[in-house]
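Structure first, commentary second.
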């Protein structure tokens, strides 16, 4: 296998390994708070995108996915070339490099997926927190906690210092 074929195989492998396309912003919905204008909402959105970007280290999910894919491909190629050289000399090194590159690209695709989507989840969490804290509405999934039901007569009476749990109040300006 000559150098040109190896280069072509490496380029194809890197191209396939970097197929994961990640969103460039939040993947969650946010709505303006009841007492906010659309321009105020746009300003909050811009600030919260910057906040979320800083929380994930100043890199994008796509960048992290690509770095994981390329890194795995490079490591696989180097390990394959070393193993091939150890077992088959110079011709084995080329075959080993090709096999290592394909294996590294396959592993890199999985690593890219996990890295990219993990980064996106962190970004979305920071964005939601920021938008909620600035008084905007952010639909979230889950169950509402209701006030506890009064104790039945046969159950022990709670102590006099018993404080029931109530969920936190909605953000300022929130209307039903």
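The values are calculated or read from the model by the stated rules, or taken from the named source; none is laboratory data. This one's a predicted model, so the numbers in the text were calculated from it and none came from an experiment. So basically every Cβ, Gly included, is an ideal-geometry build from the backbone, and we count neighbours across all protein chains shown.
Out of 61, 99, I need the residue that is closer than 28 Å to residue 141 by Cβ, at pLDDT below 85 and either in contact with a strand residue (DSSP E or B) (Cβ under 6 Å, 6 or more places away or on another chain) or surrounded by 15 or more Cβ atoms within 10 Å (Cβ to Cβ) (or both). Which one? Walk me through how you get there before you give the answer.
Numbers: 99 fails: closer than 28 Å to residue 141 by Cβ.
None of the others qualify; the one that does is 61.
For residues that are modelled with pLDDT under 75 and assigned to a loop (DSSP other than H, G, I, E, B), scanning just the stretch 10-38, find the one that is surrounded by the most Cβ atoms within 10 Å (Cβ to Cβ). Out of the qualifying residues, it is 20.
Which members of the stretch 130-152 meet the condition of being at pLDDT 90 or above and either farther than 25 Å from residue 44 by Cα or part of a loop (DSSP other than H, G, I, E, B) (or both)?
Here is the first cut: in the stretch 130-152, the ones at pLDDT 90 or above are 130-137.
Listed by number, the residues that qualify are 134, 135, 136.
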